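Below is one structure, written out as structure tokens; the observations come after it.
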Amino acid sequence: MRRQMESHHLPPTAGPTTVHKGPAANLAARRAAGEVHADPVQEKVVQKLQAIYEQLVAMADHPAPKPGFFARLGLGHSAKPPAGPRGLYIWGPVGRGKSMLMDLFFADVPMQKKRRVHFHEFMLEVQDRLHRRREELAAKGAPPEADTIVPIAKQIASETRLLCFDEFQVSNIADAMILARLFEVLFDEGLTVIATSNRRPDDLYKDGLQRERFVPFIDLVKERLDVMQLGGDHDYRLDRLRNFDVYLTPLGAWANAKLDEAFRALSGGADGEPRVLRTQGRDVEIPRAAPGVAMADFVDWCAKPMGAADFICIAANFHTVIVADIPKMGPDSQDKAVRFVTMIDEFYEKKVKFICSAATAPTGLYIEGDGAFEFQRTVSRLMEMQSPEYLDLEHIA
Ligand SMILES: Nc1ncnc2c1ncn2[C@@H]1O[C@H](COP(=O)(O)OP(=O)(O)O)[C@@H](O)[C@H]1O
Ligand SMILES: [Mg+2]
């Protein structure tokens, strides 16, 4: 109690005396500690993030005046929160440090209303909010709104003033068709957006259905965000891999025995049993589960209509997932490859430890077929997920 009272008497943190570090200093410190290598391409991007960071700090130190007398009485329009600085879209190949730089930036921003989210997860949430609002209106017998996206976007902008998106990518038409409208409102509400992506804006939703209706979104991104390429020639993720014990190849009795051994070791010797998880009204079947550990065959999850929400649910419930019998995939098994990518993305995002048996090394899993380009990221992730550093990371439940 006493300590709490004393803290009230600390000098206010506002004003020019405030000391914030920011991403540039954080990166320099990590470099000095020998944790990261000097990289001139990263340096350019971190300077840009530093500039945005400083603008956000200035806003936090000098908050906008409270709404005026009339606004407080509910007369006139209540003032919108002040617009944040112009955001940034960082794109480049995998393993170049895009997410690392964004996270260094995000960690230090002194704002309450900030959020860092995987783009996939964010869009699921948006679709879910749209769906619920339409249902609520219908239940009240109200006529359908002309544009449900606007109130949802305003709601998001009131909760969050800085949105950091990791893995910005557009792969389904439902998202593609609402993005322009959604982001138009988010930008108009003054929200600051930072994004990382494997693709330049012009290549987003490439070859997607009704792409011409998506193009206004690309124009919007280029108009409202600075775009920087992080295209150094070093894939740092590949450096991280050291042992292959969690990735067993080739398939066969030996690999099966090893996976079973792993399951038992992690479950304290238990056999495990089937379990069903519920998410968004759907059932997700786990063929073999013990506290913290799940096991399935590749076909159990990747040959069935499973989606991101299902894999997010699995990732939230288990710190380790074991998948047996990952085959080589090709043009005839594109749907399985797509699901596999989604699965690995969600596991990676939540730092789930992934143990598997596969027909070949990651680089040979999906060479031909649509989405083979996107699959590169999954290959890189599969490699990183085998590294001692990844295996040391804490599971995000
Ligand atoms: N300059 C660097 N020196 C050493 N490791 C780095 C450096 N930049 C990034 N890394 C590491 O490489 C891995 C890949 O970085 P990440 O930010 O995930 O790349 P991207 O988002 O571009 O795919 C991470 O483990 C990260 O910590
Ligand atoms: Mg990344």
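The values are calculated or read from the model by the stated rules, or taken from the named source; none is laboratory data. What you see is a predicted model; the values in this text were computed from it and never measured. Because the Cβ atoms are built from the backbone with ideal geometry, glycine has one as well, and the counts that use them run over all protein chains shown.
Descriptive notes on the structure:
- Selection of first residues in the stretch 90-101 that are polar (S, T, N, Q) and of second residues that are near ligand 1 (Cβ under 6 Å from one of its atoms), restricted to Cβ pairs under 8 Å at least 6 apart or on distinct chains, gives the following pairs, ordered by first then second residue: SER99/THR196.
- Looking across the stretch 328-342, the residues that are surrounded by 19 or more Cβ atoms within 10 Å (Cβ to Cβ) and either under 18 Å from THR249 (Cβ atoms) or not basic (Lys, Arg) (or both) come down to MET329, LYS336, ALA337, VAL338, PHE340, VAL341, THR342.
- Residues in the stretch 253-272 that are farther than 15 Å from ILE355 by Cα, of a type in the set (Gly, Ala, Ser) and assigned to a loop (DSSP other than H, G, I, E, B): GLY268, GLY269, ALA270, GLY272.
- Inside the stretch 87-102, residues that are near ligand 2 (Cβ under 9 Å from one of its atoms) and either more than 15 Å from LEU163 (Cβ to Cβ) or at pLDDT below 95 (or both) make up a count of 7.
- Check on ILE194, surrounded by fewer than 20 Cβ atoms within 10 Å (Cβ to Cβ) and either at pLDDT below 95 or within 16 Å of ligand 2 (Cβ to nearest atom) (or both): no
- Of all residues in the stretch 359-389, those being closer than 29 Å to LEU204 by Cα and either in contact with a Leu (Cβ under 6 Å, 6 or more places away or on another chain) or outside any loop (DSSP other than H, G, I, E, B) (or both) number 17.
- All of ILE344, ILE312 fail the test of being among the hydrophobic types (A, V, I, L, M, F, W, C), in contact (Cβ under 8 Å) with a residue 60 or more places away in the chain and part of a helix (DSSP H, G or I), apart from ILE312.
- Residue match in the stretch 349-358 (condition: more than 14 Å from ligand 2 (Cβ to nearest atom), assigned to a helix (DSSP H, G or I) and surrounded by 15 or more Cβ atoms within 10 Å (Cβ to Cβ)): no
- Set PHE311, PHE318: member being touching an Asp or Glu at 6+ places or on another chain (Cβ under 6 Å) and within 19 Å of MET385 (Cβ to Cβ): PHE311
- Test: residue in the stretch 257-268 that is touching a helix residue (DSSP H, G or I) at 6+ places or on another chain (Cβ under 6 Å) and touching a residue at least 24 places away in the same chain (Cβ under 8 Å): no
- Hits in the stretch 175-189 (condition: aliphatic (A, V, I, L, M) and over 13 Å from GLN127 (Cβ atoms)): ALA180, VAL185, LEU186
- Selected residue (only one of VAL352, VAL379 is without any contact (Cβ under 8 Å) to a residue 40 or more places away in the chain and of a type in the set (Val, Ile, Thr)): VAL379
- Selection over the stretch 27-74 of residues that are more than 30 Å from HIS234 (Cα to Cα) and either at pLDDT 90 or above or part of a helix (DSSP H, G or I) (or both) gives a count of 11.
- When residues in the stretch 320-337 are screened for being out of contact with any strand residue (DSSP E or B) (no Cβ under 6 Å at 6 or more places or on another chain) and over 13 Å from LEU365 (Cβ atoms), 3 of them pass.
- If only residues of the stretch 359-388 that are among the charged types (D, E, K, R) and more than 15 Å from ligand 2 (Cβ to nearest atom) are counted, the one that is nearest to ILE314 (Cα to Cα) is ASP370.
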